[in-house]
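Down below is the structure, laid out as structure tokens.
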Amino acid sequence: MPLVGQPAPDFDMICTKNLESLDEHVRLSDYRGKWLVIFFYPADFTFVCPTEITAMNDHLQEFENLDAEVLAVSCDSVYSHKAWINTPRSENGLGVIDYPIAADFTKVVSRKYDVLVEDVGQALRGLFIVDPDGILRYQVVHDMNIGRSVDETLRVLEALQSGGMCAVNWKPGDKLLEG
């Protein structure tokens, strides 16, 4: 089980970086020197999942402004990801997504991050923030039916980057606590 404050579990997965060839991999080492928001979702062509994936995409510039990259992961194949991306939002598809979606078809990475529901073969909604040194700094896991908040993810990312102690409901620009 991954633990906050410990190195993030390593991974190497095929992804949608090159939507035409579907031959590019994504690795934890690709994100060295940057913050990484990696989130797992249950399945392509479902109901809650596209709301999260498209919301992250709609806020991608905010993540990039914080020197963070976003990576989505499910246990579906990269071919399913491509089909979902090529399906318009109006038809329960994703449309253009400007960050990679990785295929954990073997379920190895979902197990490493302790989000796999073995008897279903799908991942829970796990979200992890990894710092530029590869250390896991935040994790939250939701039930499959509950979407995550992009605003809260951005708030936590900025709190982690503040380098200080942040009180409850801290927002960027608020004072840090003194110890």
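Just so you know, all these numbers are worked out from the coordinates, no wet-lab data involved. Quick caveat, the model's predicted, so the values are computed rather than measured. Reconstructed Cβ throughout: ideal geometry from the backbone, glycine too, with neighbour counts over all protein chains shown.
For region 12-148, please report how many Lys pairs fall under 21 Å Cα to Cα, leaving out neighbours fewer than 8 apart on the same chain.
4
How high is the relative contact order of region 6-52? Use alpha-carbon pairs under 8 Å, at least six apart in sequence, and give a whole percent. Numbers along the way, then the final one.
Values: 32 pairs, mean separation 11.1, N = 47.
Relative contact order here is 24 percent.
Rounded to the nearest 0.05, what FRET efficiency do Ala83 and His59 have when you use their Cβ-Cβ distance and R0 = 25 Å?
It comes out at approximately 0.55.
Per residue, what volume in Å³ does the convex hull of the Cα atoms of region 94-179 enclose?
Measuring per residue, one finds 154 Å³ for the Cα hull of region 94-179.
Using unit Cβ charges (K, R positive; D, E negative) and no other charged atoms, how large, in debye to the nearest 20, is the dipole of region 1-81 about its Cα centre?
Working: 4 positive and 14 negative charges, 46 e Å.
Around 220 debye, computed over region 1-81.
Among DSSP beta bridges whose residues both lie in region 1-99, state the antiparallel percentage, nearest 5.
Working: 3 of 9 bridges.
In region 1-99, approximately 35 percent of DSSP beta bridges are antiparallel ones.
Compute the distance in nm between two label points, each set 7 Å from the Cα along the Cα-to-Cβ direction, one at Ala167 and one at Thr46.
With each label placed 7 Å out from Cα toward Cβ, I get 3.8 nm.
Within region 1-91, report the chymotrypsin sites (Phe, Trp or Tyr not before Pro) that DSSP leaves as loop and that have at most 16 other Cβ atoms within 10 Å.
Counting only loop positions with at most 16 other Cβ atoms within 10 Å, the chymotrypsin sites (Phe, Trp or Tyr not before Pro) in region 1-91 are Phe45, Phe47.
Among Leu60, Phe105, Thr46, which residue has its Cα positioned farthest towards the positive end of the charge dipole of region 21-179, with +1 placed on the Cβ of Lys and Arg, -1 on the Cβ of Asp and Glu, and the dipole taken about the Cα centre?
Ranked along the dipole, the leading option is Phe105.
Restricting to bridges with both residues inside the chain, how much of the DSSP beta-bridge set is antiparallel, in percent to the nearest 5?
On the way: 19 of 28 bridges.
The answer is about 70 percent antiparallel.
Once you keep just the Cα pairs under 8 angstrom separated by 6 or more residues, what percentage relative contact order results for region 12-148?
Working: 279 pairs, mean separation 42.4, N = 137.
This gives 31 percent for region 12-148.
Once you treat every alpha carbon in the chain as an equal point and sum by Debye, what is log10 I(q)/I(0) at q = 0.12, 0.18 Å⁻¹?
Once normalised to I(0) and log-transformed, intensities are -0.53, -1.20.
If you keep only loop residues by DSSP, which GluC sites (Glu not before Pro) in region 127-179 have at most 13 other Cβ atoms within 10 Å of their Cβ? Present the calculation step by step, with values, prior to reporting the outcome.
Values: sites: Glu152, Glu158, Glu178; in loops: Glu178.
Passing sites in region 127-179 are Glu178.
Using a 10 Å Cβ count of at most 13 others and DSSP loop calls, identify the longest part of the chain lacking such trypsin sites (Lys or Arg not before Pro).
Numbers: sites that count: Arg32, Lys175.
The longest such stretch corresponds to 33-174.
For the chain, set up a Gaussian network in which alpha carbons nearer than 10 Å are linked by springs, and say which option among Asn57, Asn145, Asn169 fluctuates the most.
Result: Asn169 has the largest fluctuation of those listed.
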